[in-house]
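The values are calculated or read from the model by the stated rules, or taken from the named source; none is laboratory data. Since the structure is predicted, the reported quantities are computational estimates derived from the model, not experimental observations. A quick note on method: Cβ atoms are made from the backbone with ideal geometry, for glycine too, and the neighbour counts reach across all protein chains shown.
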Ligand code: NTF
C-alpha cells in the first residue's frame, strides 16, 4: 500500500453533518428539515459506506500484497439484518452519529428504522452465515461471503384472522446504498446444451458445451465491517441479467415481447429466495440458482488465482478454501472439476486431489425432508457437463467402495452419489470435501453414529464438530444497550471482542446490588417491548409478568405445539381453580411457516385461537397472556432477546442440529427451558444444571422409543386427564367456535397419525408431563427474585463459548488453515 497518501481515520460530528446535509441536497433535492427519514437514512448509509471505503480498499490491497489464503463461504442464504446500526457500532461511530443527528434536529431512531431488513435467508442457516461474516472481519480473516442477490427476500408475514398471509418482500424498493455493482467482474454462466468432444492441436480430446444458453452474473459487493479493526471483508451477491440485454433483431422486427423475453428469463434466477427451512421444494429454478452462483463464484476465484499463480493449480488449496454451507452449494465440487479439466486441461486425478483439498462441507440438519436430491432427468438436462462429471465421480467412488467393503450391492446402493434416479447432493459434498462438520457436539455425533455412519467408516478423518455461535456485537452490544452498559461498567468492554471475559460476571451473580441493577435493566427492556407491542398490536402486556418467548421457524420438530398445549392446560387449570395463584406470564410466539407447509400454518392459527380465548377470558384476568407477533425477522429478534425471561428451546431431542436463538437468549440473560438437543446440551455444560430447566426424553431415549415401535399416544391420552382435556379442546369447539373441525387434523396427527406419518411423530405428548413439571418449577423459581437474578446472570456469565468468534477461530485453524491479516491505514 502506498503510505504517502494518508487515509482518513476519523469521521467527526461536523463532517457527518456536512456530508448528510450535502447528500440530501444533491441526491434528493431536499433540505435536512424537509427530508424524509428514508432519505436521511440513505444519506447516512452513503456517508458511512464512503467512509469505510478506504478500509475496504486497504483490506483488499493487503490480500493482494500478502497473497494470503482466502476462505469463500458459499451460501444460498445470508440473513444479514440491517446494515447501518451494525456498521456504526463496529466502527465505534454510534455516539458521534447520534450527536450529529441531534444537532441537525433529526430523529436518528426513525432514520435507522427506515432501513429495510434484508431477509435474504429463511432461518438459522442464513443467520449463522451472517454471524460468521461479522466474526471473520472482526478477527481479521481474509474472507468472502458468496451468495445470491435475491430481489425479494423471505416473504413478509401478516396475520389475518389468525392465519398467516404472505406478502412479497421488496427490500430493494428504496435503493441499495450499501452495495457496489462490479460490472468488471461479471461472469457468464451456461445452462443446458449438449456436450461434445473436440480434438486440440496435440490430438487430445476435450469436452465442450454446445448450444447452451447463458446468463450474465453480476456481482454486487457489500462491505462487512469488523469490530475495532480496519478489516472490511466482502459479501459478494450475484445478480442475473441476460447476456444480450435486448434482442435488437426481434425488436426491429416489431416483436417487443421476444426482445425482453431473454431478460425476463434471466432475471427470474435471482428474483426470489425459496423460503423453506429444513425442507426442500425440489424446484428446477432452485437448481438453476445453485449453479448460477456457484459457477460465477468459482470462475471468478480461479480467474483471480491464475492472475497470481498462472496455471499452477497444485497450490490452489494453499490459497483458496470453499466452505459449503449445507448441501446447497455442493455443485462447487463438480464445477471446480469442470473448470480445472475443461478450461485448464488439468488431468482428472490432479483435479480431484485439488478439489478435495479445497472444499469443505457443513451439515446443518438431519431432517430427511431437507436432504437435497435432484432427479437425474432434470440435472442432466440443465447441467449436462456437470452431470457427466458427477457420474464419473460416482463411478470411481463406487469402485472404491468395492475395495473397502467387497461387492456389497446394498452398501453401494445406499452410499452411491447417483442412485434411484437421483443425484444425492450431500454425498457429493462429503466425497468431494476434506472436512465434514456438524454444528453442535450432539449433532456431529449423530452424523457419525447414525445418519452418515457409512461415510464415517470410510473417512473418519474428515468428520469433525464446530459448535455454532452468534456474534455478540449484534446480539448484545447493539440490541441490548442497557445490559451492555451495565456489563461494561462492571467488567470493562473487553467482552465485545472476547466473549469469554463475561466469566468475570460470575462473582457478581450473587451480589445483591448487581442483581438489582440487572433486573432493572431487564425490566426496562420489557417495558420497551411492551410499548412496541402496544403500538403494533394494541395489546397490553404486563412488564412484571414473566416474558416467556419462543421465536424461530415454525416446524413440527421445534414443537411450538408442546408450548401451546401447555398453555391450554394452564388455561384449563385456571378455569377449574379460578383463584389459583401463579406468577403472571406473557407467552410470546413469532414464527414464519413455509408457504406450502400446511400443518405449520394450522399451528399458527391454533396459537392465535388460543390467544383469543385466553386473552379475552375474564376468569384468567390477565394472569396469562398469549401473543403471536407477526413477521419474525432479525429486527424483531433484536427487540425480543433483551426482554426475555424464559427462552423456549423445546425441540424433540436429536432433531435440532444446534439452534442459535438459544444462544442469543442466554447471552441476554434469559433462563432456558429446553431439551437435551443441539447446543442446549453444551449450554447446560457451561451454565450448570442449577441455571437451566432441562426436561424430556434424551436423543437416545427418542431413538429407542422409535425403534421399539411401542409408542402409543392413546395410552397417554387414556391415562392422563390433562392431555385428554387439551386434545379434546381441539375438537369440541372451545378453540374454534362454529368450526369444530378446524383443528381436527392436529388431534388426529397426535393420536392416529395423519397422512402416513406416525402418531405424534415428535413426541409432544410423551414429553408433556415432564415439560409441565419444568414450567411449574419456573413459576416457583421466579418468585424468588434474587435466585432468579442469579440464574439469569449466571447464564450471561457462562455464554462465552457461544460467540461465533470462537467458532470461526476453530474453522480457521482446524479446517481452513488461514491466518489473520492486519490492515493499517
Ligand atoms: C439449521 N438448518 C438447523 O435447523 C439449526 O439447528 C442450526 O442452528 C442452523 O441450521 C445453523 O447451523 C437449516 O436451516 C437447514 F437448512 F439446514 F435445514
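Counting the residues of segment 738-764 that are farther than 17 Å from residue 728 by Cβ and surrounded by 13 or more Cβ atoms within 10 Å (Cβ to Cβ) gives 7.
The set of residues in segment 644-657 being within 16 Å of the ligand (Cβ to nearest atom) and over 17 Å from the mean Cα position of the chain (by Cα) consists of 647, 648, 650, 651, 652, 653, 654.
Taking the criterion of being more than 14 Å from residue 370 (Cα to Cα) and either away from the ligand (no atom under 16 Å from the Cβ) or not in a loop (DSSP other than H, G, I, E, B) (or both), the residues of segment 271-294 that qualify are 271, 272, 284, 285, 287, 288, 289, 290, 291, 292, 293, 294.
Every condition in (1) touching a strand residue (DSSP E or B) at 6+ places or on another chain (Cβ under 7 Å); (2) within 16 Å of the ligand (Cβ to nearest atom); (3) under 26 Å from residue 593 (Cβ atoms); (4) not in a helix (DSSP H, G or I) is met by residue 145 except one, and the failing one is (3). Residues in segment 163-205 that are closer than 30 Å to residue 121 by Cβ, assigned to a loop (DSSP other than H, G, I, E, B) and touching a strand residue (DSSP E or B) at 6+ places or on another chain (Cβ under 8 Å): 168, 169, 170, 171, 176, 178, 179, 182, 186, 192. Checking segment 66-78 against the condition returns a match, with at least one residue being more than 30 Å from residue 364 (Cα to Cα) and out of contact with any helix residue (DSSP H, G or I) (no Cβ under 7 Å at 6 or more places or on another chain). In summary, helices (runs of 4 or more DSSP H) completely within segment 421-486 and bearing 1 or more residues that are in contact with a strand residue (DSSP E or B) (Cβ under 9 Å, 6 or more places away or on another chain) and within 14 Å of the ligand (Cβ to nearest atom) occur at 425-431, 441-446. Residue check: residue 581 meets all listed conditions (1) out of contact with any strand residue (DSSP E or B) (no Cβ under 9 Å at 6 or more places or on another chain); (2) buried (at least 23 other Cβ atoms within 10 Å of the Cβ) but one, namely (2).
Yes/no matrix, rows are residues, columns are (1) in a helix (DSSP H, G or I); (2) under 23 Å from residue 295 (Cβ atoms); (3) touching a strand residue (DSSP E or B) at 6+ places or on another chain (Cβ under 8 Å):
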residue: 65; (1), (2), (3): yes, no, no
residue: 72; (1), (2), (3): no, yes, yes
residue: 89; (1), (2), (3): yes, no, no
residue: 95; (1), (2), (3): yes, no, no
residue: 103; (1), (2), (3): yes, no, no
residue: 111; (1), (2), (3): yes, no, no
residue: 116; (1), (2), (3): no, no, no
residue: 130; (1), (2), (3): yes, no, yes
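Inspection of segment 311-330 finds no residue satisfying the criterion of being within 30 Å of residue 595 (Cα to Cα), surrounded by fewer than 16 Cβ atoms within 10 Å (Cβ to Cβ) and in contact (Cβ under 8 Å) with a residue 24 or more places away in the chain.
Within segment 530-558, track down each residue that is touching a helix residue (DSSP H, G or I) at 6+ places or on another chain (Cβ under 9 Å) and within 16 Å of the ligand (Cβ to nearest atom). Break it down into steps so the answer makes sense when it comes.
Of segment 530-558, the ones touching a helix residue (DSSP H, G or I) at 6+ places or on another chain (Cβ under 9 Å) are 530, 532, 539-556.
If the condition is that a residue be touching a helix residue (DSSP H, G or I) at 6+ places or on another chain (Cβ under 9 Å) and within 16 Å of the ligand (Cβ to nearest atom), then 550, 551, 552, 553, 554, 555, 556 are the ones that fit.
Of all the residues in segment 28-52, those that are assigned to a helix (DSSP H, G or I) and surrounded by 15 or more Cβ atoms within 10 Å (Cβ to Cβ) number 16.
Exactly one residue out of 250, 137 is modelled with pLDDT under 95, outside any loop (DSSP other than H, G, I, E, B) and surrounded by 14 or more Cβ atoms within 10 Å (Cβ to Cβ), and it is 250.
Which residues, taken from segment 795-819, are part of a helix (DSSP H, G or I) and under 15 Å from residue 506 (Cα atoms)?
Taking segment 795-819 first, the residues part of a helix (DSSP H, G or I) are 795-797, 800-802, 804-816.
Within segment 795-819, 795, 796, 797, 800, 801 qualify.
May I ask you to list the residues in segment 713-729 that are free of Cβ contacts under 8 Å to residues at least 24 places away in the same chain and surrounded by 13 or more Cβ atoms within 10 Å (Cβ to Cβ)?
724, 728
Among the conditions (1) part of a helix (DSSP H, G or I); (2) more than 16 Å from the ligand (Cβ to nearest atom); (3) in contact (Cβ under 8 Å) with a residue 12 or more places away in the chain; (4) surrounded by 14 or more Cβ atoms within 10 Å (Cβ to Cβ), residue 308 misses just one, which is (4). Looking at residue 575 and the list (1) buried (at least 17 other Cβ atoms within 10 Å of the Cβ); (2) within 30 Å of residue 751 (Cβ to Cβ), which single condition is not satisfied? The one condition residue 575 does not meet is (1).
The set of residues in segment 317-375 being under 29 Å from the mean Cα position of the chain (by Cα) and assigned to a loop (DSSP other than H, G, I, E, B) consists of 326, 327, 328, 329, 330, 363, 364, 365, 366, 367, 371, 372.
Selection of helices (runs of 4 or more DSSP H) fully inside segment 675-763 by the criterion of at least 3 residues being under 28 Å from the mean Cα position of the chain (by Cα) and within 16 Å of the ligand (Cβ to nearest atom) returns 680-687.
Go through the residues of segment 378-398 one by one and say whether even a single one is modelled with pLDDT of 95 or more, within 16 Å of the ligand (Cβ to nearest atom) and either within 29 Å of the chain's Cα centre (by Cα) or surrounded by fewer than 20 Cβ atoms within 10 Å (Cβ to Cβ) (or both).
Scanning segment 378-398, I find no residue that is modelled with pLDDT of 95 or more, within 16 Å of the ligand (Cβ to nearest atom) and either within 29 Å of the chain's Cα centre (by Cα) or surrounded by fewer than 20 Cβ atoms within 10 Å (Cβ to Cβ) (or both), so the answer is no.
For the condition within 16 Å of the ligand (Cβ to nearest atom), buried (at least 24 other Cβ atoms within 10 Å of the Cβ) and modelled with pLDDT of 95 or more, residue 297 does not qualify.
Just so you know, in segment 341-375 the residues that are within 16 Å of the ligand (Cβ to nearest atom) and under 15 Å from residue 462 (Cβ atoms) include one that is surrounded by the most Cβ atoms within 10 Å (Cβ to Cβ), and it is 361.
Among the residues of segment 174-186, is any modelled with pLDDT of 95 or more and within 17 Å of the chain's Cα centre (by Cα)? No, that holds for no residue.
Checked against (1) crowded, with 23+ Cβ neighbours inside 10 Å; (2) within 14 Å of the ligand (Cβ to nearest atom), residue 641 passes all but condition (2).
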